[in-house]
1. Can you give me the convex hull volume of the Cα atoms of region 24-63, divided per residue and expressed in Å³?
2. Relative to the present Cα-Cα distance, how much length would full extension add between Val35 and Ser93 at 0.36 nm per residue of separation?
3. May I ask you to give the solvent-accessible area per residue for region 22-102, in square angstrom, as obtained with a 1.4 angstrom probe?
4. Rounded to the nearest percent, how much of the accessible area of region 52-132 (1.4 Å probe, protein heavy atoms only) is carbon and sulfur?
5. Give me the Kirkwood hydrodynamic radius of region 38-107, using the inverse of the mean 1/r over all pairs of distinct Cα atoms, in Å to one decimal.
6. Can you tell me the convex hull volume per residue for region 83-132, based on C-alpha atoms, in Å³ to the nearest whole number?
7. What FRET efficiency comes out for the pair Asn102/Asp81, r = Cβ-Cβ distance, R0 = 30 Å, nearest 0.05?
Amino acid sequence: VVLGGGFAVGRSTAPDPAAVAQQSSPPAPPAGTKVGSATDPDTGARMTVQVRPAAGWVRVNASVAGIAQDAKCRLLVVAKDGSTQEAGSWLVSSAGEKDGTNLDGSALIAPEDVAAIEVRTFEGERIVTVPV
């Protein structure tokens, strides 16, 4: 009788497998979110981006890899008319050279006007571009 009661208590306190599976899946991105990835054939740099719409502007998340340590980089949002807005900048660390760098930024370009996300050096050299 005691063993049966212990089993029943343990059974009733165990989490529901469906609830656990539902909690572990990432939330769906907001409507209008654009994603893309690219590897530049000349530089070998790689980038995966997510562009999320806001009220007249965009939020950007970029994972960038394949850039040498000490490179000074800018993350740019490129509009369909060719204009750009800087979403962030960084100095590639030794860990960033080895494992890549994850960046969050924003830019004042309407979500429907975004054509690409680009990384350039401070000297203007294009490192990698992801059309979205």
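1. Values: hull volume 3.7 nm³, N = 40.
Looking at region 24-63, the number lands at 93 Å³ per residue.
2. So the chain would gain 18.3 nm between Val35 and Ser93.
3. On the way: 4730 Å² over 81 residues.
With the other protein chains kept in place, region 22-102 gives 58 Å² per residue.
4. On the way: 1910 of 4100 Å².
It is 47 percent, rounded to a whole number.
5. Working: mean 1/r = 0.0786 Å⁻¹.
Hydrodynamic radius (Kirkwood, Cα pairs) of region 38-107 is 12.7 Å.
6. On the way: hull volume 4.7 nm³, N = 50.
Residue-normalised Cα hull volume stands at 95 Å³.
7. Details: r = 29 Å, r/R0 = 0.95.
Rounded to the nearest 0.05, the efficiency is 0.55.
The values are calculated or read from the model by the stated rules, or taken from the named source; none is laboratory data. The shown structure was predicted, so the numbers you read here are calculated from the model rather than taken from an experiment. A quick note on method: Cβ atoms are made from the backbone with ideal geometry, for glycine too, and the neighbour counts reach across all protein chains shown. Side chains are part of the model used for accessible areas, which takes the heavy atoms of the whole protein and leaves out ligands, DNA and RNA. Shrake-Rupley method; radii C 1.70, N 1.55, O 1.52, S 1.80 Å.
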